[in-house]
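Remarks on the structure that follows.
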């Protein structure tokens, strides 16, 4: 009886999570000029209309470029920071870690307004640079937290063995530590890219007509029209997210990526 209740609860949970996705994907194929589910008929014209919108395609490219740059920048800062906080002889380590992780708890709207005011103060006229800084600011903690958790689970004897064989600190981290926690790094990379690509609160303050990420383009579009093309965009983004997760599962396995390989 208990097992049946558990399975029933699990089924309702899956339905609760997948229900909105099923509705929005189904609505993208309706023949009506408005969003409808179940869809009335079947058509791909909303996807064709999406492909014929150069502004949406440009925003999609902007989001991809911004996501890749933000991921690379956050990795370049976050991974060494996580290693330093875990192994370095840093005074006030707990306070410093709390400071680094603060963007996770600080409301992003506050961060967005603060960055906007700061850019006005320094007269920064580079929208992509401003967006990149903002996205890096809120995604670096993902690397610090995820990589830090993997380092905590890593057997210190592995690093001690490398050092006893004559490897220096840098060589130990490059040849031993990073390969051992590679699944966690990959998981953090996936989270950071998705977070950057889907970021609205920061981007709405820092975007411009020349550089407008896709979520902001969608937000501006639905202010004046809500038609099935919006559902088509959502369906494409859902497919992209599933593809990323499927790739992570195929390359590393979700269990290893989330738990942290090498532990």
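Values in this text are rule-based calculations from the coordinates and carry no lab data. Everything numeric here is computed off the predicted structure, so don't read it as measured data. Quick reminder, even Gly has a Cβ in these numbers, built from the backbone with ideal geometry, and neighbours come from all protein chains shown.
Just to be sure, is residue 142 under 23 Å from the mean Cα position of the chain (by Cα) and part of a helix (DSSP H, G or I)? Yes, satisfied. Would you mind stating whether residue 24 is assigned to a helix (DSSP H, G or I) and surrounded by fewer than 18 Cβ atoms within 10 Å (Cβ to Cβ)? No: the conditions fail for residue 24. Here residue 34 does not qualify as within 20 Å of residue 20 (Cα to Cα) and surrounded by 15 or more Cβ atoms within 10 Å (Cβ to Cβ).
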